[in-house]
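Some notes on the structure that comes next.
Derivation of every value follows stated rules applied to the coordinates shown; laboratory data play no part. Every value quoted in this text rests on a predicted model; they were computed, and no experiment measured them. Don't worry about glycine lacking a Cβ; one is built from the backbone with ideal geometry, like all the others, and counts go over all protein chains shown.
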Amino acid sequence: MSELIFEKSRGGRRAFAQAPVESGSLSIPEKFLRDDKPRLPEASELQTVRHYTRLSQKNFSIDTQFYPLGSCTMKYNPRACNALALLPEFAGRHPLGPVSHGQGFLTCMYELQEMLKDVTGMKGVSLTPMAGAQGELAGVAMIKAFHDSRGDTERTEIICPDAAHGTNPATATMCGCVVKEIPTLADGDVDMEALKAVLGPKTAGIMLTNPSTLGVFERHIKLIADMVHDAGGLLYYDGANLNAILGKVRPGDMDFDVIHMNLHKTFSTPHGGGGPGSGAVGVNKRLLPFMPIPVVKKREVKGETIYDWAAEDDIPQSIGRLSGFMGNSGVLLRAYVYMRMLGRDGMERVAEYATLNANYLMARLRDAGFELAFPERRASHEFIVTLKHEAKEFHLTAMDVAKALLDKNFHAPTTYFPLLVPECLLIEPTETESKETLDNFVAAMIEIARAAREDGVDYKEAPYKMPVRRLDDVKAARELDLRHSPD
Amino acid sequence: MPFIPHTEKDTREMLAAIGADSIEDLFDEIPAELRIDHLHEVPEALSEMEISRLMRERAAMDGSPLCFIGAGAYEHHIPTAVWDLATRGEFYSAYTPYQAEASQGTLQTIYEYQTMITELTGLDVSNASLYDGASGLAEAALMAVRANRRVKTGLVLLAPGVNPVYEHVAEAIAGSQGLTFEWLPVDATTGNVAFDQLPEGRNPVAVVMQQPTFPGTLEDVDRLTDWAHAEGAFAIGIANPMTLALLKAPGHWGGHGVDIACGEGQPLGVPLSSGGPYFGYMTCKQKHVRQMPGRIVGRTTDLDGNPGFALTLQAREQHIRRSKATSNICTNQGLMVTAATIYMSLLGVEGLAQVGRKSHENTTRLVEGLCTIDGIERLYAGPYFHEAALKLDRPVAPILKALADKNILGGFDLTNDAGTDALLVCATETKTAADVDACIAAFAEAMS
């Protein structure tokens with residue numbers, strides 16, 4: 001590790017240019033004031049800049065490495081999206097400023113809502129959820145509100161396939177629901193018999209990702225929709241994999257009632273080392289009255305178009321507010337710029353080339369001897385390799401390959417998810433990677449497996465070339481060290 | 001093709017390797033009746049030059065008014081280095097640091113952040129962020145229910161100084177898990193909690209208080225924290241972290257300090273940006289760490305015995321525990337925390353204190369100036385930090401509109417929350433004396 005910023009501190013040192021000039025005393029009674037001094041860093045501006053520049057260089061990122069992390073859609077984040085979202089007027093706009101000083105921002109938000117309605121086939125969009133998981137919460141809360149509004153209060157069960165993202169069952173619990181898990185068949189589709197068995201008068205809805213986290217399109221989606229609707233339940237679409245189908249097929253046309261989109265995946269806003277995301281939700285007609293607020297509305301005043309907030313008065317049955325203001329506005333601006341730069345045709349190309357890259361990479365790895373989890377299926381924008389034979393025959397696990405890839409300057413794919421495929425790598429190349437990069441990745445995978453098989457190379461202690469070697473997770477959890485203390 | 005590198009030759013070769021005739025073939029598992037031919041509402045593509053022009057025009061429509069609104073989001077000077085560094089591609093375009101060896105930059109930054117925010121709040125441990133201050137309160141209330149196991153009422157009492165939107169959000173997020181939120185009685189003179197009317201025997205699981213309060217006053221948080229503990233409740237403290245270089249830390253409120261602190265991290269180097277992305281901070285006492293939601297970074301050692309950082313206590317989280325997780329949160333507000341860490345490093349505790357003192361001085365000048373105008377007076381007596389509520393003798397909206405027409409945002413209309421014609425004003429360190437005086441003059445004219 002690098003020295004901590006605290007270890008570089010020297011008493012009395014400061015970045016003097018960064019604070020206002022000293023002013024008068026504080027007219028606040030003593031009892032409200034603190035008598036200790038919090039230990040923040042004491043460093044010069046150059047020391048701080050150098051410190052965080054060096055720390056940044058210890059990260060893998062899209063800008064520096066191929067990042068084929070399945071289910072995360074690590075595509076290029078265009079620089080213009082960031083620069084334009086941070087134009088001084090946008091960056092400086094107070095969230096409670098009047099609409100007279102927000103028509104530019106609100107126009108962008110209204111148009112973003114309209115574009116997202118088009119690409120998803122939904123009837124209404126609310127941009128307020130701040131990440132995918134909060135979009136899920138909004139969605140399940142709307143499903144519950146819908147049932148409750150009809151006096152149908154016994155519907156408390158949410159069905160999730162076993163391949164679902166962990167956020168799905170966690171969300172259902174947060175909404176006070178009970179999770180019913182159903183298995184997946186060997187071909188990757190949902191087990192319809194199992195689905196039939198759990199459907200009933202307690203069914204509130206089902207949460208599905210399509211294409212699923214197994215990297216395949218659920219072929220019986222229409223039948224599933226009919227079965228769930230016939231049982232009185234609603235369908236929730238987890239938009240984590242929307243990148244695979246943009247402009248090709250829409251969740252609304254698959255009869256989903258409510259969806260969330262991960263704008264930080266499909267619409268290329270940055271992941272930022274863990275966030276911020278944005279989990280805009282789309283609804284069909286019957287859930288329109290329950291959308292989270294605020295949303296942006298358009299009205300005509302004396303022949304002039306005014307964009308304004310729709311809030312409690314406009315949507316009285318709303319599930320309410322999920323953020324202090326209107327969610328991650330700056331992320332929404334980035335997504336807006338991205339969508340305008342791609343345009344209608346560009347949206348469709350996203351799905352086309354993401355799918356081309358995934359199927360190409362899958363074919364190359366299969367031909368190189370790696371076993372596919374679903375060899376009979378097309379890949380969507382991602383696919384799964386299982387190393388169960390390699391693990392058994394020469395002790396090469398998914399974890400080993402992940403760490404060995406780091407030494408070859410590739411970020412690891414998603415490992416050990418979905419949980420039902422043993423020793424799995426979930427690989428998503430995205431549309432912004434070139435054929436050369438994919439070929440280099442295949443070569444690295446082949447070499448890692450060959451060295452393990454033929455030379456007996458053991459990756460249990462890999463990586464070797466990173467800023468640190470493999471870290472002791474057990475110690476991290478047992479001997480908690482969660483902050484620096486000077487003593 | 002924007003952002004797609006494929007040449008025609010690449011595409012041909014790739015399709016050949018797949019054994020497909022066309023890209024269209026790759027979608028043959030999607031039932032034909034579900035397919036769409038084309039999108040209709042998404043406009044044709046714009047070049048970077050064209051979208052830049054459009055966005056500049058849109059930005060110009062919003063302008064750069066002189067802003068005296070606070071109410072939960074505050075305009076502060078952000079050193080250039082903060083976002084220069086935070087938008088380096090290695091921070092900006094990295095994923096969640098699950099591959100620890102390839103994410104030491106992000107992980108060490110979060111560890112440093114956890115240190116700084118626990119120092120400011122006077123508590124033991126911090127997570128790596130929540131979405132924002134409002135949703136952070138929902139998570140804090142849910143955490144209190146898990147950690148304060150003896151109390152089964154699910155009742156959360158809120159001091160009247162808590163931001164009313166936070167209550168709406170907490171209700172929307174946590175309401176379906178059996179939590180109920182109720183307001184404590186208000187003292188109409190001070191705007192703070194009415195200690196002589198506190199309810200008895202309600203058995204609350206948590207008591208929430210905010211300092212400075214939403215209408216800008218200073219609450220007797222020591223007394224309220226002690227009352228919460230005497231009632232068997234957790235004390236949850238919401239504090240503006242910028243003020244904590246000067247004001248007493250939540251971990252030191254009352255005899256034992258609050259159990260959980262949370263709040264809006266935006267004042268620490270995050271632009272106003274129409275309300276987000278911001279970040280919610282959360283800190284707590286050591287003994288409750290396993291009930292905390294969200295990611296946490298710990299220091300450990302690697303195979304060579306050298307120190308390094310990794311995500312830890314992941315058994316609390318949704319990707320491991322699924323339906324039994326402490327929260328469904330996955331993506332957080334990582335980049336905002338990176339910015340806040342750099343901001344705190346650049347300002348230091350002295351710089352932060354100066355930001356606070358200057359903001360206090362500017363707000364004092366504004367409040368005293370406005371109170372010389374006929375029809376404007378303080379709504380509540382007592383000290384304030386950098387925001388104060390004012391009572392007007394007439395409706396507020398037309399006055400604010402008159403100021404907005406002059407490109408001055410004169411404050412937040414508090415009428416609905418206060419139940420009387422009232423206004424909440426704030427002047428941070430970004431304002432000069434001339435700015436403040438211009439605001440006062442504009443009010444004087446609008447009120448005349």
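Quick check on the exposure proxy: order B:Trp183, B:Trp253, B:Trp83 from fewest to most C-beta atoms within 10 angstrom.
Starting with the residue having the fewest Cβ neighbours, the order is B:Trp183, B:Trp83, B:Trp253.
Please give the charge dipole size of the protein assembly as shown, origin at the Cα centre, charges +1 on K and R Cβ atoms and -1 on D and E Cβ atoms. Round to the nearest 20 debye.
1160
Which whole number gives the average count of other chain Cβ atoms within 10 Å of the Cβ atoms across peptide A:131-144?
Across A:131-144, the average partner-chain Cβ count within 10 Å equals 3.
Rounded, prolate or oblate: pick one for chain A, where a ≥ b ≥ c are the square roots of the eigenvalues of its C-alpha gyration tensor, a/c under 1.5 means rounded, and failing that, prolate if a/b is larger than b/c, else oblate.
It is oblate, given that a/c is not under 1.5 and a/b is not larger than b/c.
Springs between alpha-carbon pairs under 10 angstrom, Gaussian network model over chain B: which of B:Pro31, B:Pro204, B:Pro164 fluctuates most?
B:Pro31
Need the full-extension length gain, B:Glu44 to B:Lys401, defined as separation in residues times 0.36 nm minus the C-alpha distance. One decimal, nm.
124.7 nm is the gain from fully extending B:Glu44 to B:Lys401.
How big is the gap, in Å, between the Cα center of the stretch A:466-486 and the Cα center of the stretch A:428-456?
The distance from the Cα centre of the stretch A:466-486 to that of the stretch A:428-456 comes to 31 Å.
Quick one: Cα centre-to-centre distance for the stretch A:185-200 and the stretch B:219-254, in angstrom?
Using only Cα atoms, the two centres lie 52 Å from each other.
Once you place label points 7 Å from the Cα toward the Cβ at B:His256 and B:Arg202, how far apart are they in nm?
Distance between label points: 2.0 nm.
Students often check this: by mean Cβ neighbours within 10 Å, which of B:13-25, A:136-148 ranks highest, and how do the rest follow?
Result, highest mean first: A:136-148, B:13-25.
If you build the convex hull over the alpha carbons only and average its shadow over all orientations, what do you get for the stretch B:80-341? Give it in nm² to one decimal.
Convex hull of Cα atoms, orientation-averaged projection: 14.7 nm².
Against the 2.2 N^0.38 Å scaling, with N counting residues, where does the protein assembly as shown land? I'd like the Cα-based Rg ratio to two decimal places.
With N residues counted in the protein assembly as shown, Rg over 2.2 N^0.38 Å equals 0.92.
What nm value, rounded to one decimal, do you get for the distance between A:Thr53 and A:Asp230 when each label is placed 7 Å out toward the C-beta?
The answer from the label model is 6.6 nm.
As a test of the formula, what do you get for chain A when each DSSP H run with n ≥ 4 contributes -39,500 (n - 2.57) and the sum is divided by the residue count, at 222 nm and rounded to the nearest 500 deg cm²/dmol?
-11000 deg cm²/dmol
Only helices at least 27 Å long along their axis, Cα-based, and averaging -1.0 or more on Kyte-Doolittle count here, so list those DSSP H runs from chain B.
Both cut-offs are met by B:334-370.
Using a Förster distance of 56 Å, how high is the FRET efficiency between B:Thr372 and B:Arg290, based on the Cβ-Cβ distance and rounded to 0.05?
0.55
With +1 assigned to the C-beta of every Lys and Arg and -1 to the C-beta of every Asp and Glu, and no other charges, what is the dipole magnitude of the stretch A:80-341 about the Cα centre in debye, to the nearest 20?
600
Using a ≥ b ≥ c from the Cα gyration tensor of chain B (square roots of the eigenvalues), is it rounded, prolate or oblate, where a/c under 1.5 gives rounded and otherwise the larger of a/b and b/c decides, a/b for prolate?
Verdict is oblate for chain B.
Quickly estimate the mean residue ellipticity at 222 nm for chain B, helices only: each DSSP H run with n ≥ 4 gives -39500 (n - 2.57), and the total goes over all residues, rounded to 500.
-11000 deg cm²/dmol
The stretch B:112-199: which trypsin sites (Lys or Arg not before Pro) are DSSP loop and have at most 13 other beta-carbon atoms within 10 angstrom?
B:Arg149, B:Arg150, B:Lys152
Which order results if A:Met326, A:Met1, A:Met341, B:Met61 are arranged by neighbouring Cβ count within 10 Å, fewest first?
B:Met61, A:Met1, A:Met341, A:Met326
Putting +1 on Lys and Arg Cβ atoms and -1 on Asp and Glu Cβ atoms, find which of A:Pro289, A:Ala477, A:Leu438 reaches farthest to the positive end of the dipole of the protein assembly as shown.
A:Ala477
How would B:Met143, A:Met466 line up from fewest to most surrounding beta-carbon atoms within 10 angstrom?
A:Met466, B:Met143
If you put +1 on each Lys and Arg Cβ and -1 on each Asp and Glu Cβ, how big is the dipole of chain A around its Cα centre, in Debye rounded to 20?
1100
Anything over 27 Å Cα to Cα? Flag those among A:Lys465/B:Lys287; B:Lys248/B:Lys287; A:Lys75/A:Lys388; A:Lys298/B:Lys431; A:Lys37/B:Lys285, in the order listed.
Too far apart for the 27 Å limit: A:Lys465/B:Lys287; A:Lys75/A:Lys388; A:Lys298/B:Lys431.
Counting only DSSP beta bridges with both residues in chain A, what percent are antiparallel, rounded to the nearest 5?
Around 55 percent antiparallel, to the nearest 5.
Between the stretch A:99-119 and the stretch B:116-155, what is the separation of their alpha carbon centroids in Å?
One Cα centre to the other: 34 Å.
Which GluC sites (Glu not before Pro) in the stretch A:1-48 pass both tests, a DSSP loop state and at most 14 other beta-carbon atoms within 10 Å?
Qualifying residues, ordered by number: A:Glu3, A:Glu7, A:Glu22.
Based only on Cα atoms, what Rg/Rh ratio does the stretch A:1-58 have, Rh being taken as Kirkwood's radius?
Rounded to two decimals, Rg/Rh equals 1.10.
Principal axis extents for the stretch A:374-487, Cα atoms only, whole Å, descending order, please.
Result, largest extent first: 58, 34, 30 Å.
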